Amino acid sequence: MSSLIRTVKEDDRTDWVAAIPFWSVHVLAVIGIWRLGFSWKGVAIAALFYYVRMFAVTAGYHRYFAHKTYKTSRAFQFLLACLAQSSTQKGALWWAAHHRNHHKYSDKPEDVHSMKLRGFWWSHVGWILMHKYDATEWQEIQDFAKFPELRFLNQWHVLPSIVLGVSLYLLGGWTWLVWGYLVSTSFLWHGTFTINSLAHWLGRRRYATTDESRNSLFLALITMGEGWHNNHHYYPKSTSQGFYWWEIDLSYYVLRALAAVGLVWDLHSIPVRIRDRRMVRKERPAAGRPAEALPLVAPLGAPAAASVAELDPAE
Ligand SMILES: [Zn+2]
Ligand SMILES: [Zn+2]
């Protein structure tokens, strides 16, 4: 791991003043548990709001707004943005635009949260606590920026978190506020951020993408499927990030259920021939085999496209 870590650039040191609200949520969560006392009911409330909002982060921010892997109505996309933003990870347009940038430049200097280039701390939380990355990269998200309700939410991005906090307090007093927002959100942040940090270090590489992305069951379980990150970098258009039945992807199962009742549609899957290309690569090419039947991904360390979309834009 140490070979992956480089020194953080001088102008990219954590802005500790900007980080005050972020760490305050952690501190208040600890104080809240200390004052209320530990309870399994509290743990259940925290887990509920962790997984409901993790779904919105992965199925909303990521698989819908950043990658458009499925379609939905204007009303449901607004609902998804509200729910995702109740995780207090800034606006849906901001999130998706930054993430599109991550795929364009994964683990290259332009990638704002590369663990390979800048180390664990920076890729996990350092970058998100910097005011210099607060601006929405509008040129990356013009397709969704045309919706005024999404631009409004993006500007007032803490609104859904405030609504959630007040609702929790009215619903169940301090117990629900502390466990349902403060504790749950602290874990939710770090759960989500593992994909920027650990998912580019922990696990196995199935596909020789140009970045360091990995597949990890552990990360997939805590992030509702995002841990299949090497799969995802290889073929970002797929709604499911688990490419085989045993690669558990809870967000995808929920999306399949929503598709069954007509709330979302046109879920995209990776074509089997593209999924299995790495297996083609492992075979010894037969004499006289046509060039197009040979692998399109390069061995580890060799130059390759960032994702299969670059190699095969028709897919
Ligand atoms: Zn990544
Ligand atoms: Zn992505």
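Observations on the model:
- Inter-centroid distance (Cα atoms) of the range 17-92 relative to the range 115-150, Å: 17
- Across the range 2-211, Cα pairs under 8 Å and at least six residues apart give a relative contact order of 34 percent.
- Ratio of the Cα radius of gyration of the range 2-211 to 2.2 N^0.38 Å, where N counts its residues: 1.05
- Counting Lys and Arg as +1 and Asp and Glu as -1 over every other residue whose Cβ lies under 12 Å from the Cβ of Thr58, the net charge comes to 0.
- Among Asp143, Asp107, the ranking by other beta carbons within 10 Å of each residue's beta carbon, starting with the fewest, stands as Asp143, Asp107.
- Net charge of neighbours whose Cβ lies under 14 Å from the Cβ of Trp265, counting Lys and Arg as +1 and Asp and Glu as -1: +4
Coordinate-derived values only; no laboratory data. In this text, all values refer to a predicted model and were calculated from it rather than measured experimentally. Cβ coordinates were reconstructed from backbone atoms using ideal geometry, including for glycine residues, and neighbour counts include every protein chain displayed.
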